[in-house]
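Heads up, the thing below is written out as structure tokens.
The values are calculated or read from the model by the stated rules, or taken from the named source; none is laboratory data. What you are looking at is a predicted structure, and each value in this text was computed from that prediction instead of being measured. When we count neighbours, we look across all protein chains shown, and the Cβ atoms used for this are built from the backbone with ideal geometry, even at glycine. Please note that ligands, DNA and RNA were not included when accessible areas were found on the heavy atoms of the full protein model with its side chains. Shrake-Rupley method; radii C 1.70, N 1.55, O 1.52, S 1.80 Å.
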Amino acid sequence: MKQCTHAGALPLPEPAPLSETCPECLRDGTHPVQLRLCLTCGHVGCCDSSPGRHASSHHTESGHPVMRTFEPGEDWRWCFVDHVLV
């Protein structure tokens, strides 16, 4: 089973969210479907079901490997590099 090779390097405590919602969606006038929090820097971006896919774009631009859901009642993480749940 494939495992994330980046989780051990994540900052503790995890970074505070830089915003309450996806700033790129606000800028573009679109609505995020669900939100994701970058566990390297705290960027909040929308999921891949959203028109802008800003969480994935953030990973592509920054190289930050792991995000977690930023939705109430959910608790999971995803590694963009290794393509696995953390």
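Values as computed for the structure displayed
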| item | result |
| --- | --- |
| Computed label-point distance, nm, for sites E74 and L26 using a 7 Å Cα→Cβ extension | 2.0 |
| Spacing of the two label points (7 Å from each Cα toward its C-beta) at S57 and L12, in nm | 3.4 |
| Protein accessible area in the chain, 1.4 Å probe - carbon and sulfur % | 55 |
| Rounded accessible area per residue of the chain, 1.4 Å, Å² | 60 |
| Gaussian network model of the chain, Cα within-10 Å springs - most flexible of H43, H54, H31 | H31 |
